[in-house]
Each structure stands twice: as C-alpha cells, then as structure tokens.
Amino acid sequence: EVHLVESGGGLVQAGGSLRLSCVASGFTFDDYVIGWFRQAPGKEREGVSCISNSDGSTYYADSVKGRFAISSDNAKNTVYLQVNSLKPEDTAVYYCAAVEAPAGIGVLFPLRDYDYWGQGTQVTVSS
C-alpha cells in the first residue's frame, strides 16, 4: 500500500522559514515525480514545486521561485520542501503527491495525473 506522510508545518511570522518533509513508502521511489501542492481556504489546489527522482529535474511556480527549494533523498525515500521568506499569502495546507514518470519524459504533470497524495500539513504565516 502506498503511503505519503507529510510533516514540518507550523505557525511562523512573515519572513520565517520551515522545512516540510514527505516520506514515501509502497512504491519504487526512484521512478516517480514528487510534487508539492497547496490549498488555501476557498481556493483551488495549486502546484508549488516538483522534482524527478530519476534525473533530478525540478520545477517551481513563479510565486515561490527564489524562496522555496525542493530536494530529494532517495536513500530515505524522502522529499523536502524548504520554505523561506514566508509571506501571509503562503498560508495553506501543503500536500505532497506522487506520479510515476520514467526518466526522460519531463517533470511537469497536471494535478489530475498524480496518483497518490499525503494527508497535508498546515503552514500558517502571520503578519
């Protein structure tokens, strides 16, 4: 059974940082793209960042580029999202998700293609 377990959220002041973790089990980690998404109350779920565990390719949404950093530790089946210089508009539930993606076919996939999802972790940024 596939499991994605997220942690690391919390309450921080504007300008602060957190490190979110997504621990995966139940599938061949190296063959998947792992994405981070977020959803604020009353808004659609949106993509934040993603990483290919086969070739290391990454993607960042324009709203977080330069502030967030995604990384993967294949030995631990874990993907991290370092979130820096946080703004109140970053407040959301952050989810990780996985989609099977062989090397060489790219890193960008639509939300609907992701097969597995974590439970989410709340990030709240106060001003």
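The values are calculated or read from the model by the stated rules, or taken from the named source; none is laboratory data. Bear in mind the structure is a predicted one, so any value in this text is a computation, not a measurement. Here the Cβ positions follow ideal geometry from the backbone for every residue, glycine too, while neighbour counts run over all protein chains shown. We work out accessible area using only protein heavy atoms, side chains counted, and drop any ligands, DNA or RNA first. Shrake-Rupley method; radii C 1.70, N 1.55, O 1.52, S 1.80 Å.
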Open item on the list: Taking the condition of being surrounded by fewer than 16 Cβ atoms within 10 Å (Cβ to Cβ) and out of contact with any Gly (no Cβ under 8 Å at 6 or more places or on another chain), how many residues in the range 46-68 meet it?
Closed with: 8
Open item on the list: Which of the numbered conditions does Arg38 fail, given that it passes all the others? Conditions: (1) surrounded by 14 or more Cβ atoms within 10 Å (Cβ to Cβ); (2) more than 14 Å from the chain's Cα centre (by Cα).
Closed with: (2)
- [ ] Exactly one condition in (1) open to solvent by 10 Å² or more (accessible area, probe 1.4 Å); (2) more than 16 Å from Gly118 (Cβ to Cβ); (3) at pLDDT 95 or above is not met by Gly104; state its number.
- [x] (3)
Task: Residue check, Arg38 closer than 18 Å to Asp73 by Cα and out of contact with any Pro (no Cβ under 8 Å at 6 or more places or on another chain) - done: no
Task: 2 or more residues farther than 17 Å from Gly10 by Cα and in contact with a His (Cβ under 6 Å, 6 or more places away or on another chain): qualifying strands (runs of 3 or more DSSP E) within the range 35-127 - done: none
TODO: For the range 79-102, enumerate the residues that are of a type in the set (Gly, Ala, Ser) and farther than 12 Å from Asn53 by Cα.
DONE: Ser85, Ala92, Ala97
